[in-house]
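Only one structure is covered here, and it is reproduced in the block below.
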Ligand SMILES: [Fe+2]
Ligand SMILES: [Zn+2]
């Protein structure tokens with residue numbers, strides 16, 4: 001039986017019986033479980049209200065209605081301005097609805113475009129607005145400051161930048177001990193941030209029990225099953241290999257399963273046994289290549305960010321995968337949000353006839369960098385170690401090894417948004433003003 005959104009995941013019957021009387025307390029400070037009865041069903045998710053619970057937030061010290069806007073003064077001496085309809089729409093009181101459980105009643109259809117509050121006041125450091133129909137909205141100062149959309153606030157959320165790297169990463173490979181990475185606190189946040197910033201992190205002292213693969217995956221999210229890899233995939237040489245991975249051949253750096261619309265997010269590699277000869281793991285930062293192309297080969301950069309490449313994979317009689325997507329995806333600010341390139345899975349280019357040569361030139365410019373030692377970091381992953389890789393940014397490969405050596409790696413995948421979702425929630429607890437950074441949403 002799967003739990004509905006109002007049911008505890010563990011199936012326990014314990015839930016708030018607070019009902020609407022408790023739940024509708026105006027300006028509720030949130031966190032109280034159960035915010036009301038909806039159609040006779042008592043909701044389970046705690047009502048959040050317009051609050052984040054950030055202790056050191058500036059408080060609201062004054063508010064003025066100015067036409068279709070409200071100017072709000074804060075104790076950090078900043079004036080933050082909010083459109084009236086933004087404020088009305090974003091009221092998360094029990095009557096307007098809780099975004100935590102998706103039971104929400106106020107939408108853009110609920111108020112006219114020219115709505116303006118009748119009064120604006122400061123109450124205990126919160127902003128309190130009363131609307132013409134008598135509806136009362138209370139906004140915690142931490143929620144308001146965090147969600148402000150003036151230039152300074154948006155700049156704060158845009159501060160995060162990837163740390164791009166080339167071959168030199170081999171000598172300072174981001175590494176965290178499993179004991180720290182799994183501490184549920186600062187060590188875990190540190191591991192998450194290395195993966196976010198470098199797109200790759202090695203985990204030491206995980207152990208060689210095959211069960212540790214899933215434990216490592218669950219550090220960042222649930223395992224994502226695919227037709228090509230199944231749930232957990234054993235990478236070792238086999239007499240009859242369906243995929244290149246299951247041979248002793250070198251594997252050039254690549255993005256796993258680039259032929260999916262949304263390729264696997266985080267690669268989880270777990271080394272059970274390796275060989276002393278060959279079998280080195282190689283990594284290339286797709287964002288570093290994108291930077292290099294933008295600076296040195298703008299025509300190639302332009303082609304790779306606008307023309308689609310086709311990736312294909314067909315297992316006859318079973319599945320026929322095909323994706324079309326730019327090789328480098330840019331976000332709303334023109335920054336790379338994802339890279340998708342698996343040379344051996346590239347399908348026939350399918351662009352207007354006069355673009356084919358331009359696309360090939362651009363792919364070649366990318367490929368030359370990907371194959372160059374200058375961009376390639378190489379390490380030997382030892383038994384008992386794991387490596388987490390952002391599969392929408394960092395390409396991975398390996399050097400050849402003797403198929404009789406017994407080299408054995410276990411592999412699975414976790415969606416990137418599951419990882420980012422856990423990162424945000426842990427950040428909100430440990431370092432709240434970093435929790436809402438814009439993160440690359442992938443290829
Ligand atoms: Fe791979
Ligand atoms: Zn409301």
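Values quoted throughout were computed directly from the atomic coordinates according to the rules given, and no laboratory measurement underlies them. It should be emphasised that the depicted structure is a prediction, and the values quoted were computed from it without experimental measurement. Neighbour counts are summed over all protein chains in view; Cβ atoms, including those assigned to glycine, are modelled from backbone coordinates with ideal geometry.
Odds and ends about this structure:
- Against the chain, whose longest principal axis is taken from its Cα atoms, helix 416-430 shows a tilt of about 50°.
- Going by neighbour counts of Cβ atoms within 10 Å, the residues 297, 159 line up, fewest first, as 159, 297.
- Listed peptides 49-62, 110-123, 381-394 appear in the order 381-394, 49-62, 110-123 once ranked by packing, highest mean of other Cβ atoms within 10 Å at the front.
- Ranked list, fewest to most other Cβ atoms within 10 Å of each Cβ, for 311, 408, 205: 205, 408, 311
- Using alpha-carbon coordinates, inclination of helix 286-296 to the longest axis of the chain, degrees: 90 degrees
- Here the contact order of region 167-434, divided by its residue count and restricted to Cα pairs under 8 Å and six or more residues apart, works out to 37 percent.
- Principal-axis analysis of the Cα atoms of the chain puts helix 186-198 at an angle of about 60° to the longest axis.
- Per-residue Cβ neighbour rank within 10 angstrom, fewest leading, 232, 163: 163, 232
- Report summary: the helix-based calculation at 222 nm, which adds -39500 (n - 2.57) for every DSSP H run with n ≥ 4 and divides by the residues of the chain, gives -6500 deg cm²/dmol.
- Max mean-square fluctuation residue, GNM over the chain, Cα-Cα springs under 10 Å, options 181, 241, 158: 241
- If you run the Gaussian network model on the chain, springs between alpha carbon atoms under 10 Å, then out of 130, 235, 339 the most flexible one is 130.
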